[in-house]
1. Find the residue count for segment 283-316, including only residues that are under 19 Å from residue 272 (Cα atoms), open to solvent by less than 30 Å² (accessible area, probe 1.4 Å) and either without any contact (Cβ under 8 Å) to a residue 12 or more places away in the chain or within 20 Å of the chain's Cα centre (by Cα) (or both).
2. Which of (1) of a type outside the set (D, E, K, R); (2) open to solvent by 50 Å² or more (accessible area, probe 1.4 Å); (3) assigned to a helix (DSSP H, G or I); (4) touching a residue at least 40 places away in the same chain (Cβ under 8 Å) does residue 132 not meet, given it meets every other one?
3. Being farther than 24 Å from residue 78 by Cβ and either touching a residue at least 60 places away in the same chain (Cβ under 8 Å) or buried (at least 16 other Cβ atoms within 10 Å of the Cβ) (or both) narrows it down to one of 98, 103, 112, so name that one.
4. Specify which of the listed residues (188, 222) is within 21 Å of residue 106 (Cα to Cα), open to solvent by less than 50 Å² (accessible area, probe 1.4 Å), not acidic (Asp, Glu) and not in a helix (DSSP H, G or I).
5. Please work out which one of (1) assigned to a loop (DSSP other than H, G, I, E, B); (2) open to solvent by 60 Å² or more (accessible area, probe 1.4 Å); (3) modelled with pLDDT of 95 or more is the condition residue 199 fails and give its number.
6. Would you pick out the residues in segment 247-282 that are more than 22 Å from residue 40 (Cβ to Cβ), among the acidic types (Asp, Glu) and surrounded by 16 or more Cβ atoms within 10 Å (Cβ to Cβ)?
7. Taking segment 1-54 as the region of interest, how many residues are outside any helix (DSSP H, G or I) and at pLDDT below 95?
Amino acid sequence: LDQVKETLKEASSLWRQLGNIPMLADSLGGLCVAHVYAGEFDRAIALSEETFQISHSIGNVWGQSYSQWAVGEAFGELGEFSRAIKAMEECVHLGELAGFLAAQTYTRSKLAQVYADLGDLGTAIELVQVVQDLTEKHDYRVDTAVTMGVLAHLQVLNGELGEAQITIDKMKYDVFHESWAIFQLPVLFAEVELACCSGNYQHALRVTEDLLTRLRQYGMHLMIPEALYQQGSVLSGLGQDEAAGERFLEAQVVAESIGSRRTLWRILLALSRLEKDTEKAEQMLKDSRFIIEYILANIKEEHTNQREAFLEQDDVQAVINGG
């Protein structure tokens, strides 16, 4: 990602000098995506706004859609779920107008993940089904692994472990397995969840090691807190509480450094459950509760159903009720 950012910065400067506004917008849009993946959310949001304004000024609907292609993920990580939904829905709508298929598949799949985070699994599943229909209709396979990774995650949450295994196995033989390696990451996250639910913690540990190696190699700081949180949960499942605590602490440091409230409140809950000092554990729960209050304050009135679904989740209730 460091190479990506440097190259796109250079490209943007050249397009600006040449006065090629459509390609300037395209380069800035790509730079926005790179900063989202790198966990640099403020910079990504600024680039998204600039890309949108430039594209809007020349009537480039494709560019307007691309400006929102990944920035919704940044809002989601910041715990601002209504802003995430708005950005993603706008990306999809503009993508439909422009014939930009990746906006209709990738971003819609990420929108399904947002609804899953909020506990609204019904809406999430509906969105994934729409993406699957589009993929079949247009024979578009590039980001299929993203959709299938989200689907496997939803299947695990619904207790459909056999179906989740089939979904994950299918992606292991996907023709884009290596050429679009970043898009395979959601499948690995789902594979860890499934292995934990099946009690296969040793396999889950191996997958998290592979996942973290990939994320660090790519510079994908966006996903590292969740991967570390997963590994901490795996180690806890293996009865290695000390190692689990170390991993959760590492996850906390990374989450705080990039501002990932989406993952941080869960990390703090996990740490509180391992902490032997009662006062420290209570402070961790208090900090987790503060983040949940922020998330709730940023779920707007039009998403009242999702607000209620978020509140009903077991881990959220655990934080609210003191662990």
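1. 4
2. All conditions pass for residue 132, except number (4).
3. Among 98, 103, 112, only 98 is farther than 24 Å from residue 78 by Cβ and either touching a residue at least 60 places away in the same chain (Cβ under 8 Å) or buried (at least 16 other Cβ atoms within 10 Å of the Cβ) (or both).
4. 222
5. If we test residue 199 against (1) assigned to a loop (DSSP other than H, G, I, E, B); (2) open to solvent by 60 Å² or more (accessible area, probe 1.4 Å); (3) modelled with pLDDT of 95 or more, just (2) comes out false.
6. Selection gives 275 alone.
7. Quick first cut of segment 1-54, residues outside any helix (DSSP H, G or I) only: 1, 19-20, 38-40.
The next check asks that each one be at pLDDT below 95; those that pass are 1.
Summing the residues that are outside any helix (DSSP H, G or I) and at pLDDT below 95 in segment 1-54 gives 1.
The values are calculated or read from the model by the stated rules, or taken from the named source; none is laboratory data. Just so you know, these numbers come straight off a predicted model, no measurement behind them. Using ideal geometry, Cβ is built from the backbone for each residue, glycine included, and neighbour counts are taken over all protein chains shown. What goes into the accessible areas is simple: the full protein's heavy atoms, side chains included, and nothing from ligands, DNA or RNA. Shrake-Rupley method; radii C 1.70, N 1.55, O 1.52, S 1.80 Å.
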